[in-house]
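The values are calculated or read from the model by the stated rules, or taken from the named source; none is laboratory data. Quantities reported herein were computed from a predicted structural model and do not represent experimental measurements. Cβ coordinates were reconstructed from backbone atoms using ideal geometry, including for glycine residues, and neighbour counts include every protein chain displayed.
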There are 2 protein chains.
Amino acid sequence: MRDEGKLPEAHEQAARFTQVREAHKTEATEDYVELIDDLIRVHGEARLVDVASRMGVTQPTASKTLARLQRDGFVNSEPYRSIFLTDQGKALATESRLRHEIVFEFLLSIGVSHETATRDSEGMEHHVSEETLKVFKKVIRQNSKPKP
Amino acid sequence: MRDEGKLPEAHEQAARFTQVREAHKTEATEDYVELIDDLIRVHGEARLVDVASRMGVTQPTASKTLARLQRDGFVNSEPYRSIFLTDQGKALATESRLRHEIVFEFLLSIGVSHETATRDSEGMEHHVSEETLKVFKKVIRQNSKPKP
DNA sequence: GTATAAACTAAGCCTTGGCTAAATTATAAG
DNA sequence: CTTATAATTTAGCCAAGGCTTAGTTTATAC
């Protein structure tokens, strides 16, 4: 239970919420580049139609989002052609995938089901700091080693 | 590393992203009612000025958000007066606080620092399913008991 | 009891990220 | 090589959640 009669300092609490909002802003970008990277690896290319269907949005929505990503330097594509990641996009995709995988493996390692780990890691990955990620990695190692 | 040459089924992946987006929509509501509940407990009342400063937003922004929460039945207030939670609002605040505390305690119990646990739990709490929450609780119990 | 300060609301603007409907371009089929 | 289909873009709408600037209301101080 929280300390009775005590609230965190206003400016500290504000800073945390502000930070969460910041993280939110990059979520879409991370999800898109991660997906595009996957599509390129597996299908050889990333088409809008696949991005849209896998993101669960309509094609115009995906199109608009991709225009933003292009504006911000994460992807590259010519009209009616498939989508490519810039170096910046690739870097973000790699970092993002790594984080995603750690969160996923961590959840599995503490006993969460495969399906739930898949679902929860999708939402959680964007809110896990470097420090927590490090702890997650340690836990994964510990829970995989114990050979008695 | 992810399975080479295999992507999850499009409709399943889409469903997960859709679900994360759904969670997003309720985040603001949860954060606000949780904070309002805290303010009422500790200060006896919740004033807009405090909500705004603790959420890290301007007063007009808080005002607009609260109007939405009122429209949706979570809070109640008359112009220029302090803010009250409806039964629905109280229920959500309680549920939300509980979830928040479990995530926070969980992070602490696996070795994350107090400060980081505070920060990360703020963002993570909205993306943790019931199943994962249950596992978190188990881990908290296990990590607090070990008396050799 | 009236001035001044603080709290709140109103109005208007912006971006993101959804949507649909309609137009355009590429691709595939005949 | 033309036509039908599929993919993509364009245009326009909406809500959420930020902001600033300006106006009201309430509370405080003298």
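Against the conditions (1) of a type outside the set (Phe, Trp, Tyr); (2) part of a helix (DSSP H, G or I); (3) within 11 Å of DNA strand C (Cβ to nearest atom), where does A:SER121 fall short? Just the number, please. All conditions are met except number (3).
Matching residues to (1) touching a strand residue (DSSP E or B) at 6+ places or on another chain (Cβ under 8 Å); (2) over 22 Å from A:MET124 (Cβ atoms); (3) among the hydrophobic types (A, V, I, L, M, F, W, C):
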{"site": "B:ALA15", "(1), (2), (3)": "no, no, yes"}
{"site": "B:ARG41", "(1), (2), (3)": "no, yes, no"}
{"site": "B:GLY44", "(1), (2), (3)": "no, yes, no"}
{"site": "B:SER63", "(1), (2), (3)": "no, yes, no"}
{"site": "B:LEU85", "(1), (2), (3)": "yes, yes, yes"}
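If you take the residues in region B:53-76 that are among the polar types (S, T, N, Q) and outside any loop (DSSP other than H, G, I, E, B), which one is nearest to the chain's Cα centre (by Cα)? Only one residue tops the list, namely B:THR65. Checked against (1) out of contact with any strand residue (DSSP E or B) (no Cβ under 6 Å at 6 or more places or on another chain); (2) within 16 Å of DNA strand C (Cβ to nearest atom); (3) outside any helix (DSSP H, G or I), A:ASP50 meets all criteria but (3).
One residue alone among B:ILE36, B:ILE102, B:ILE40 is more than 22 Å from A:GLU27 (Cβ to Cβ), within 16 Å of DNA strand D (Cβ to nearest atom) and outside any loop (DSSP other than H, G, I, E, B), and that residue is B:ILE36. Restricting attention to region A:3-40 and to residues that are at pLDDT 95 or above and among the basic types (Lys, Arg), the residue that is surrounded by the fewest Cβ atoms within 10 Å (Cβ to Cβ) turns out to be A:ARG21.
Of all residues in region B:1-37, those satisfying the criterion of being facing chain A (nearest Cβ under 8 Å) and of a type in the set (S, T, N, Q) are B:GLN13, B:THR18, B:GLN19. On the basis of being surrounded by fewer than 18 Cβ atoms within 10 Å (Cβ to Cβ), away from every other protein chain (no Cβ under 14 Å), outside any helix (DSSP H, G or I) and within 11 Å of DNA strand D (Cβ to nearest atom), does B:PRO79 make the cut? In short, yes.
Is it fair to say B:GLU105 is closer than 29 Å to B:LEU133 by Cβ and touching a Ser or Thr at 6+ places or on another chain (Cβ under 8 Å)? In short, no.
Restricting attention to region B:66-88, which residues are near DNA strand C (Cβ under 8 Å from one of its atoms) and of a type in the set (Asp, Glu)? Of everything in region B:66-88, just one residue is near DNA strand C (Cβ under 8 Å from one of its atoms) and of a type in the set (Asp, Glu), namely B:GLU78.
Name the residue, out of B:ARG21, B:ARG16, that is under 30 Å from A:TYR32 (Cβ atoms), touching a Gly at 6+ places or on another chain (Cβ under 9 Å) and within 8 Å of DNA strand C (Cβ to nearest atom). It is B:ARG21.
Annotation: of all residues in region A:82-99 being among the hydrophobic types (A, V, I, L, M, F, W, C) and within 16 Å of DNA strand D (Cβ to nearest atom), the one that is farthest from the other protein chains (Cβ to nearest Cβ) is A:PHE84. If you filter region B:38-67 down to residues that are away from every other protein chain (no Cβ under 14 Å) and free of Cβ contacts under 8 Å to residues at least 24 places away in the same chain, you find that the one that is farthest from A:ALA14 (Cα to Cα) is B:ALA67.
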